[in-house]
Amino acid sequence: AQSVTQLDSQVPVFEEAPVELRCNYSSSVSVYLFWYVQYPNQGLQLLLKYLSGSTLVKSINGFEAEFNKSQTSFHLRKPSVHISDTAEYFCAVRRDRGGSNYKLTFGKGTLLTVNP
Amino acid sequence: GAVVSQHPSRVICKSGTSVKIECRSLDFQATTMFWYRQFPKQSLMLMATSNEGSKATYEQGVEKDKFLINHASLTLSTLTVTSAHPEDSSFYICSARDQGAPYFGPGTRLTVL
(Lines give C-alpha, C1' and ligand atoms only; values in the text may rest on other atoms or scores of the structure.)
Protein backbone atom coordinates (compact mmCIF):
# COMPACT_ATOMS: atom_id res chain seq x y z
CA ALA A 1 0.00 0.00 0.00
CA GLN A 2 1.04 3.57 -0.59
CA SER A 3 0.59 6.67 1.53
CA VAL A 4 1.12 10.36 0.88
CA THR A 5 1.92 13.09 3.37
CA GLN A 6 1.50 16.75 2.58
CA LEU A 7 3.14 18.41 5.49
CA ASP A 8 1.45 21.78 5.20
CA SER A 9 -2.32 22.08 5.19
CA GLN A 10 -2.13 25.79 4.38
CA VAL A 11 0.56 27.94 2.80
CA PRO A 12 0.00 31.70 2.63
CA VAL A 13 2.40 33.71 0.47
CA PHE A 14 2.58 37.12 -1.10
CA GLU A 15 2.27 37.64 -4.83
CA GLU A 16 5.54 37.19 -6.76
CA ALA A 17 7.14 35.29 -3.88
CA PRO A 18 8.51 31.78 -4.39
CA VAL A 19 6.63 28.84 -2.94
CA GLU A 20 7.27 25.19 -2.18
CA LEU A 21 4.52 22.71 -1.36
CA ARG A 22 5.92 19.59 0.22
CA CYS A 23 4.93 16.05 -0.55
CA ASN A 24 6.42 12.85 0.83
CA TYR A 25 5.27 9.37 0.02
CA SER A 26 5.68 5.88 1.34
CA SER A 27 5.61 2.79 -0.85
CA SER A 28 7.18 -0.63 -1.00
CA VAL A 29 7.07 -0.61 -4.80
CA SER A 30 8.01 1.83 -7.53
CA VAL A 31 5.47 4.56 -8.06
CA TYR A 32 4.19 7.23 -10.37
CA LEU A 33 3.64 10.65 -8.82
CA PHE A 34 1.19 13.42 -9.60
CA TRP A 35 0.25 16.91 -8.56
CA TYR A 36 -3.31 18.09 -9.05
CA VAL A 37 -4.80 21.55 -8.56
CA GLN A 38 -8.38 22.16 -7.52
CA TYR A 39 -10.09 25.52 -7.74
CA PRO A 40 -13.22 26.13 -5.63
CA ASN A 41 -16.19 23.99 -6.65
CA GLN A 42 -14.27 22.42 -9.50
CA GLY A 43 -12.74 19.06 -10.23
CA LEU A 44 -9.06 18.26 -10.16
CA GLN A 45 -6.76 19.37 -12.95
CA LEU A 46 -3.56 17.48 -13.60
CA LEU A 47 -0.66 19.86 -13.02
CA LEU A 48 2.39 17.62 -13.23
CA LYS A 49 3.25 13.97 -13.48
CA TYR A 50 6.33 11.87 -13.01
CA LEU A 51 6.16 8.52 -14.74
CA SER A 52 9.79 7.93 -15.73
CA GLY A 53 12.82 9.68 -17.19
CA SER A 54 13.96 13.08 -15.97
CA THR A 55 13.25 13.55 -12.29
CA LEU A 56 12.48 17.24 -12.81
CA VAL A 57 9.10 17.83 -14.42
CA LYS A 58 7.64 21.16 -15.38
CA SER A 59 4.20 22.53 -16.17
CA ILE A 60 3.30 25.17 -18.71
CA ASN A 61 2.36 27.70 -16.04
CA GLY A 62 5.67 27.80 -14.21
CA PHE A 63 5.32 25.03 -11.64
CA GLU A 64 7.89 22.31 -11.35
CA ALA A 65 8.41 19.27 -9.17
CA GLU A 66 11.37 17.02 -8.60
CA PHE A 67 11.16 13.34 -7.84
CA ASN A 68 13.68 12.42 -5.16
CA LYS A 69 13.68 8.68 -4.69
CA SER A 70 16.13 8.62 -1.79
CA GLN A 71 14.05 11.12 0.17
CA THR A 72 10.75 9.76 -1.16
CA SER A 73 9.65 13.26 -1.98
CA PHE A 74 7.96 15.07 -4.85
CA HIS A 75 7.87 18.71 -3.77
CA LEU A 76 6.11 21.29 -5.92
CA ARG A 77 7.77 24.65 -6.52
CA LYS A 78 7.13 27.90 -8.31
CA PRO A 79 9.64 30.78 -8.33
CA SER A 80 7.02 33.54 -8.48
CA VAL A 81 3.36 33.00 -7.71
CA HIS A 82 0.32 34.88 -8.95
CA ILE A 83 -2.95 35.55 -7.20
CA SER A 84 -4.56 33.19 -9.71
CA ASP A 85 -2.49 30.33 -8.27
CA THR A 86 -4.66 30.40 -5.16
CA ALA A 87 -6.14 26.90 -4.98
CA GLU A 88 -5.95 23.55 -3.25
CA TYR A 89 -3.07 21.36 -4.37
CA PHE A 90 -3.10 17.59 -4.01
CA CYS A 91 -0.16 15.25 -4.30
CA ALA A 92 -1.00 11.70 -5.39
CA VAL A 93 0.82 8.43 -5.92
CA ARG A 94 0.11 5.23 -7.79
CA ARG A 95 2.11 2.05 -8.19
CA ASP A 96 3.86 2.05 -11.52
CA ARG A 97 2.86 -1.38 -12.76
CA GLY A 98 0.91 -4.41 -11.84
CA GLY A 99 -2.52 -4.22 -10.24
CA SER A 100 -5.34 -3.70 -12.65
CA ASN A 101 -7.01 -0.91 -10.78
CA TYR A 102 -4.34 1.79 -10.95
CA LYS A 103 -5.66 3.31 -7.75
CA LEU A 104 -4.47 6.74 -6.74
CA THR A 105 -3.65 7.56 -3.16
CA PHE A 106 -4.03 11.23 -2.33
CA GLY A 107 -2.48 13.46 0.26
CA LYS A 108 -4.80 15.62 2.33
CA GLY A 109 -4.10 18.68 0.23
CA THR A 110 -2.40 22.03 0.72
CA LEU A 111 -4.32 25.24 0.39
CA LEU A 112 -2.12 27.81 -1.29
CA THR A 113 -3.32 31.36 -0.72
CA VAL A 114 -1.57 34.11 -2.65
CA ASN A 115 -2.06 37.54 -1.16
CA PRO A 116 -1.51 40.86 -2.94
CA GLY B 1 -4.62 16.57 -22.06
CA ALA B 2 -7.48 14.15 -21.96
CA VAL B 3 -10.94 15.46 -21.15
CA VAL B 4 -13.41 13.91 -18.75
CA SER B 5 -16.88 15.36 -18.42
CA GLN B 6 -19.56 14.92 -15.80
CA HIS B 7 -23.25 15.61 -15.88
CA PRO B 8 -24.95 17.21 -14.11
CA SER B 9 -22.58 19.69 -12.50
CA ARG B 10 -24.92 20.17 -9.60
CA VAL B 11 -28.17 18.58 -8.51
CA ILE B 12 -30.58 19.20 -5.67
CA CYS B 13 -33.03 16.45 -4.79
CA LYS B 14 -35.44 15.44 -2.09
CA SER B 15 -34.62 12.79 0.44
CA GLY B 16 -35.60 9.34 -0.77
CA THR B 17 -35.14 9.98 -4.46
CA SER B 18 -32.43 8.53 -6.69
CA VAL B 19 -29.89 10.56 -8.61
CA LYS B 20 -27.81 9.48 -11.59
CA ILE B 21 -24.45 11.06 -12.37
CA GLU B 22 -22.74 10.49 -15.71
CA CYS B 23 -19.02 10.42 -16.36
CA ARG B 24 -17.70 10.48 -19.92
CA SER B 25 -14.24 10.31 -21.42
CA LEU B 26 -14.53 12.65 -24.40
CA ASP B 27 -11.44 11.99 -26.47
CA PHE B 28 -10.22 8.61 -25.30
CA GLN B 29 -11.52 5.23 -24.27
CA ALA B 30 -11.42 4.15 -20.67
CA THR B 31 -11.86 0.54 -19.64
CA THR B 32 -11.58 1.64 -16.05
CA MET B 33 -13.06 4.68 -14.36
CA PHE B 34 -12.99 5.70 -10.73
CA TRP B 35 -15.56 7.37 -8.54
CA TYR B 36 -14.51 9.60 -5.67
CA ARG B 37 -16.30 11.50 -2.99
CA GLN B 38 -15.00 14.70 -1.48
CA PHE B 39 -16.24 16.33 1.68
CA PRO B 40 -15.70 20.05 2.26
CA LYS B 41 -12.07 20.97 2.79
CA GLN B 42 -10.98 17.34 2.62
CA SER B 43 -9.17 15.09 0.22
CA LEU B 44 -10.76 12.70 -2.21
CA MET B 45 -12.01 9.35 -1.00
CA LEU B 46 -12.11 6.55 -3.54
CA MET B 47 -15.54 4.95 -3.53
CA ALA B 48 -15.31 2.40 -6.31
CA THR B 49 -13.58 1.30 -9.47
CA SER B 50 -15.82 0.97 -12.50
CA ASN B 51 -14.84 -1.67 -15.05
CA GLU B 52 -16.30 -1.69 -18.53
CA GLY B 53 -18.46 -4.74 -19.04
CA SER B 54 -18.12 -6.10 -15.53
CA LYS B 55 -19.08 -5.37 -11.96
CA ALA B 56 -17.62 -2.45 -10.10
CA THR B 57 -15.17 -2.95 -7.27
CA TYR B 58 -16.16 -1.08 -4.14
CA GLU B 59 -13.89 0.19 -1.43
CA GLN B 60 -14.38 -0.99 2.11
CA GLY B 61 -17.25 0.72 3.80
CA VAL B 62 -19.00 1.83 0.61
CA GLU B 63 -22.46 0.37 0.19
CA LYS B 64 -22.77 -1.15 -3.25
CA ASP B 65 -26.56 -1.17 -3.09
CA LYS B 66 -26.54 2.49 -2.22
CA PHE B 67 -24.12 3.60 -4.90
CA LEU B 68 -24.88 1.73 -8.11
CA ILE B 69 -22.25 1.88 -10.79
CA ASN B 70 -22.69 0.95 -14.42
CA HIS B 71 -19.93 1.08 -17.03
CA ALA B 72 -21.75 0.13 -20.18
CA SER B 73 -19.30 1.48 -22.74
CA LEU B 74 -15.68 2.51 -23.05
CA THR B 75 -16.58 6.17 -22.68
CA LEU B 76 -19.40 6.21 -20.14
CA SER B 77 -19.76 5.27 -16.50
CA THR B 78 -22.72 6.18 -14.34
CA LEU B 79 -23.11 6.46 -10.57
CA THR B 80 -26.61 6.26 -9.17
CA VAL B 81 -27.17 7.32 -5.60
CA THR B 82 -30.26 5.39 -4.58
CA SER B 83 -32.71 6.60 -1.95
CA ALA B 84 -30.56 9.59 -1.26
CA HIS B 85 -30.40 11.10 2.22
CA PRO B 86 -28.92 14.38 3.44
CA GLU B 87 -25.74 12.61 4.55
CA ASP B 88 -25.13 11.67 0.92
CA SER B 89 -24.71 15.34 0.09
CA SER B 90 -21.21 15.72 -1.20
CA PHE B 91 -19.02 16.48 -4.20
CA TYR B 92 -18.68 13.45 -6.45
CA ILE B 93 -15.80 13.28 -8.89
CA CYS B 94 -14.98 10.69 -11.51
CA SER B 95 -11.63 9.88 -13.04
CA ALA B 96 -10.35 7.98 -16.05
CA ARG B 97 -6.84 7.05 -17.07
CA ASP B 98 -5.22 8.11 -20.33
CA GLN B 99 -1.62 7.24 -21.21
CA GLY B 100 -0.68 6.49 -17.64
CA ALA B 101 -2.13 9.60 -16.05
CA PRO B 102 -5.51 9.83 -14.30
CA TYR B 103 -7.71 12.70 -15.45
CA PHE B 104 -10.64 13.99 -13.46
CA GLY B 105 -14.06 15.25 -14.32
CA PRO B 106 -15.25 18.64 -13.07
CA GLY B 107 -17.32 17.08 -10.33
CA THR B 108 -21.00 16.95 -9.39
CA ARG B 109 -22.31 18.76 -6.34
CA LEU B 110 -25.15 16.73 -4.85
CA THR B 111 -27.39 18.33 -2.26
CA VAL B 112 -30.08 16.21 -0.67
CA LEU B 113 -32.78 18.11 1.14
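Can you name the residue in segment A:67-76 that is outside any loop (DSSP other than H, G, I, E, B) and in contact with a Phe, Trp or Tyr (Cβ under 7 Å, 6 or more places away or on another chain) and, of all such residues, is farthest from A:N115 (Cα to Cα)?
Here is the first cut: in segment A:67-76, the ones outside any loop (DSSP other than H, G, I, E, B) are A:67-68, A:73-76.
If we keep only those that are in contact with a Phe, Trp or Tyr (Cβ under 7 Å, 6 or more places away or on another chain) too, we end up with A:67, A:74, A:76.
Details: A:F67: 28, A:F74: 25, A:L76: 19 Å.
Checking each candidate, the answer is A:F67.
The rows are residues; the columns are (1) part of a strand (DSSP E or B); (2) over 24 Å from A:Q38 (Cα atoms); (3) facing chain A (nearest Cβ under 9 Å); (4) open to solvent by 20 Å² or more (accessible area, probe 1.4 Å).
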residue	(1), (2), (3), (4)
B:G53	no, yes, no, yes
B:A72	yes, yes, no, yes
B:L79	yes, no, no, no
B:E87	no, no, no, yes
B:Y92	yes, no, no, no
B:P102	yes, no, yes, no
B:L110	yes, no, no, no
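Condition (residue is open to solvent by less than 80 Å² (accessible area, probe 1.4 Å), modelled with pLDDT of 95 or more and either under 24 Å from B:S90 (Cα atoms) or within 14 Å of chain B (Cβ to nearest Cβ) (or both)) applied to segment A:80-87: is it met by at least one residue? Yes, some residue in segment A:80-87 is open to solvent by less than 80 Å² (accessible area, probe 1.4 Å), modelled with pLDDT of 95 or more and either under 24 Å from B:S90 (Cα atoms) or within 14 Å of chain B (Cβ to nearest Cβ) (or both).
Within the group B:A56, B:A30, B:A101, B:A48, which residue is touching a His at 6+ places or on another chain (Cβ under 9 Å), hydrophobic (A, V, I, L, M, F, W, C), modelled with pLDDT under 95 and within 26 Å of A:L51 (Cα to Cα)?
B:A30 is the lone residue from the list that is touching a His at 6+ places or on another chain (Cβ under 9 Å), hydrophobic (A, V, I, L, M, F, W, C), modelled with pLDDT under 95 and within 26 Å of A:L51 (Cα to Cα).
Condition (residue is loosely packed, with under 14 Cβ neighbours inside 10 Å, more than 10 Å from chain A (Cβ to nearest Cβ) and over 13 Å from the mean Cα position of the chain (by Cα)) applied to segment B:32-41: is it met by at least one residue? Yes, that holds for at least one residue. Against the criterion of being over 29 Å from B:R10 (Cβ atoms) and within 12 Å of chain B (Cβ to nearest Cβ), A:Y25 does not qualify.
Please count how many residues of segment A:52-64 are in a strand (DSSP E or B) and more than 14 Å from chain B (Cβ to nearest Cβ). Step through it out loud before you land on a result.
Pass one, segment A:52-64, residues in a strand (DSSP E or B): A:56-58, A:64.
Subset that is more than 14 Å from chain B (Cβ to nearest Cβ): A:56, A:58, A:64.
Here the count works out to 3.
Comparison of A:K69, A:K49 shows that the only residue that is more than 26 Å from B:V3 (Cα to Cα) and basic (K, R) is A:K69.
B:Y58 falls short on exactly one of the conditions (1) under 23 Å from A:R95 (Cα atoms); (2) free of Cβ contacts under 8 Å to residues at least 12 places away in the same chain; (3) surrounded by fewer than 17 Cβ atoms within 10 Å (Cβ to Cβ), and that condition is (3).
Listed conditions (1) in contact with a strand residue (DSSP E or B) (Cβ under 7 Å, 6 or more places away or on another chain); (2) aliphatic (A, V, I, L, M); (3) in contact (Cβ under 8 Å) with a residue 24 or more places away in the chain are all met by B:L74, apart from (1).
For B:C23, state whether it is in contact with a His (Cβ under 9 Å, 6 or more places away or on another chain) and open to solvent by less than 20 Å² (accessible area, probe 1.4 Å). Reasoning before the result, please.
Values: in contact with a His (Cβ under 9 Å, 6 or more places away or on another chain): yes; open to solvent by less than 20 Å² (accessible area, probe 1.4 Å): yes.
In short, yes.
The values are calculated or read from the model by the stated rules, or taken from the named source; none is laboratory data. Model, not experiment: these values are computed from the prediction. Note that each Cβ is placed from the backbone with ideal geometry, even for glycine, and that neighbours are counted across all protein chains shown. Note: areas computed on protein heavy atoms with side chains; ligands, DNA, RNA excluded. Shrake-Rupley method; radii C 1.70, N 1.55, O 1.52, S 1.80 Å.
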